Structure formats: structure tokens, C-alpha cells
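The values are calculated or read from the model by the stated rules, or taken from the named source; none is laboratory data. In this text the structure is predicted, and so the values were computed from the model without any measurement. We place every Cβ from the backbone using ideal geometry, glycine too, and count neighbours over all the protein chains shown.
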Amino acid sequence: MDIFTRGLWIITGIGFTVSIIKDKEKTFRSMKMAKGMMKNMMGQIIGILFLIGLILTFIPPEIIKQYLGGANVLSSSILSAVIGSITLIPAFVAFPLVGSLVDLGASIVPGVAFLTTLTMVGFVTFPLEKQEFGFKFAAIRNSLSFVFAIVIAMVMGVFI
Amino acid sequence: MSVLKVFKKNMMLSVVVLLYAALFVFRTDMAILSLKNSSYYIIEMLQIIPVVFILTSLIEAWVPKKVIMNNLGEKSGIKGPIISLFLGSVSAGPIYAAFPICKMLLKKGASIANIVVILSAWAVIKIPMLANEAKFLGPKFMAVRWILTTVSIFIMAYVISTIVKKEDIQDAAANNKDEDAVSIKRQYCTGCGICVKLLPNLFQLKDGRAAVKRQPLDSKEADVAKVVWEKCPTKAITMN
């Protein structure tokens, strides 16, 4: 187990112990919530993890380097940002997904664009957002988030 | 549940399983290779998934969100964006789960800028998720992305607050106002049943989610309903 996983287990272990001591009832209720969340998302998570295996087998690294590599970062980032805006997958399976592509030689820039729009820009949830906050708010927030996703990705490319 | 329903509910998994099945028939070697390629990620994720969910739930249970929210009024000043960033970061669930809560905060006097910070932080920054990001993409990647995202969120909040005014949002809300005094937005309801437990006269569970049984008859009943409205964890209940 790597240091991040171990760290997370230790912190959670301490939190859980303190929680049990302070309020048993509340702790059990929150564990029920954890179970519910996990049940809801597990199918999707496992599906995507197996999909990674297929991608690694079928898409040769040369192709990934060609399309997601360093050469045409801007266009591949915009495309990745568009894909991120319309996809609905749990954010945290996106990390291994992007990680596997980076290992194959993809640039991190489109990966970051995808990760950011995946959660911040919601094409599917736009009608809901419009209903709650009005068209102006929803349109401006989503388009600004899209632009910033590209900016963040580009700056990341310089730093890492 | 019929096979089709199970398939539809687990679209992603079902499609992948079918792909694997076909592959096993035609190219067994490639199917085995794919499984091997996946196995690293599956083992790694199985180690971290339970802990992410447990930590998320513990944070949800113990962080006193009510206290935080009460500090988000118009006079919150410079502290406002920081509190908003924290509130968004410790909350569980996808961005749309934040819509009704932000709506309620707006009603209570939170500024547009702070609402944008909450929504964005809610979407991108999750404390248990940061560990997962560091694990698969490296701690430097995670830290730089966190800093850049936080800065972007504050800039976005400022820009949006200069363009969108509170009237714009209130006008939009007026357009889809319900006639009824009490209503439930079923898309946000998680079926926790608190409202049904507290006010079985007015609320009932229907297909695992709350529904309005009947409207409050007098102002006294409306006052009680208001208490329930405050208690609803996802703010799925709306009151006019």
C-alpha cells in the first residue's frame, strides 16, 4: 500500500474511533450513508476500471502519443474539455483513467482539462442549474469554468 | 427487476462485461491481457474506495455545516469566500446536490460570489479525493492543480458577481414558482424520511422519495412545516 492510501486509512481510522466514542448512533448512521453511496457508484467504478484494461490493450501507445501527446496540446485539450463537460462519471475513477493514459505517453494537459470540466461543467445538469439560478448565471458559470479548465491545464503543462 | 432494468441501471458495467465476453470468445489472449492490465487499477482502487466513502460520510456527519452557513450572510466580508471554499470542500455529492443548498443560502443573504465559490469548490475540491489524485497522478500534480483551481475559483466568483446580479436570479425563480405553499423537488430528495417522520400529516414517502400529502391548512401548520424545511438535509423542500 502506498503512502497516500495508508495515510488516508490512518486518518479515517482515527476519525472513526473518535466518532464511535463520541456518538455511536451518529457513526452508524454515517456508515449507512457510506454504504449507500458505495452501492450506488460501484457498478460504474468497476466498469470504468475494466475499461482501462481494454484501452491499454487495444490502443497502442503510439496512437495515444500522437493524439494526446505534446504535439497539438491546445486542440486535444479543448476536445478533452468538451468530453469532460458531457460525461457523467464519478470524479475519482477519472484519476486512474487519466493516470493510465499519462503512463502510456499522453500529455497531462488534456488530462487536466478533462478532470476539471468533468466536475465543474455540467451539460446534463444545465437545465437543473438554469431552473434554480436562471439562464444568465448558469450560462456564465459553465462557460467561465470551461475557459478556466483550459487555462488551468495550460499552466499545469508549464509547471509539471 | 427485469434483466433490461438491471442492464439500464448499470449501463457502463454491462457494456464492458459484454465487450469482455465477446473478446473471450474471439480473442482469448487479448481478453486475458486486458484483465491483467486492469488488475493493477482494480487492486489499487479497492484499497482506497472504502476509505474514501467512509471519510466522506464522517466529514458529512461531523462538520457543523449549519454554523458555517450561518456565517455566510451579507456582512461576512473577506471571511466569506474562505468559509465558502471550506464548505464546498467538505461536502459530499455531485455539483447538482449543491443547487438547492446554495439557493437557500442566497435567500438567507449570501452573496453571488460566495455561491459561485461554494458550487465550484463542491464540484472540484474534495478532501478524500485529493489523496486519490496524489496516488494516481503524483503529489506535485495534485498540489499544483489544487492551487490553480482555487485561484481560478476566486477569479470566477469575482467576475460572475460583477455580471450577474441578485435580481437576475430572483426573476428566474419567479418564473417557475409553484402555486402551492409547500412543494418537493423530487430530483434532490434522497428519501431520508425526516420530513415524513416529523410531519406525517403533510408528507409521505412515494417510490423511495418524499411527496407532499396535502398542503398546510393554517398558519400554525405552515410554521411547523417551516421547521421541517430547515431540517431537510438536501433542501429538497421548497416553501413559498
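Observations on the structure shown:
- Where residue B:55 falls short, out of the listed (1) in contact (Cβ under 8 Å) with a residue 60 or more places away in the chain; (2) surrounded by fewer than 15 Cβ atoms within 10 Å (Cβ to Cβ): (2)
- When every residue of segment A:7-14 is checked against the conditions, none turns out to be surrounded by 17 or more Cβ atoms within 10 Å (Cβ to Cβ), more than 7 Å from chain B (Cβ to nearest Cβ) and either free of Cβ contacts under 8 Å to residues at least 40 places away in the same chain or not in a helix (DSSP H, G or I) (or both).
- Residues being surrounded by fewer than 18 Cβ atoms within 10 Å (Cβ to Cβ), of a type outside the set (A, V, I, L, M, F, W, C) and within 19 Å of the chain's Cα centre (by Cα) are entirely absent from segment B:39-47.
- Residues that are closer than 23 Å to residue B:169 by Cα and surrounded by 17 or more Cβ atoms within 10 Å (Cβ to Cβ), drawn from segment B:69-96: B:69, B:72, B:76, B:80, B:81, B:83, B:84, B:85, B:87, B:88, B:95, B:96
- Residue match in segment B:119-136 (condition: without any contact (Cβ under 8 Å) to a residue 24 or more places away in the chain and of a type outside the set (Gly, Ala, Ser)): yes
- Considering segment B:71-104, and only residues there that are under 19 Å from the mean Cα position of the chain (by Cα) and small (Gly, Ala, Ser), the residue that is modelled with the highest pLDDT turns out to be B:84.
- All of A:155, A:112, A:147, A:124 fail the test of being touching a residue at least 12 places away in the same chain (Cβ under 8 Å), surrounded by fewer than 24 Cβ atoms within 10 Å (Cβ to Cβ) and among the β-branched types (Val, Ile, Thr), apart from A:124.
- Among residues of segment A:15-37, those that are at the interface with chain B (Cβ under 7 Å from one of its Cβ atoms) and of a type in the set (Ser, Thr, Tyr), counted: 2
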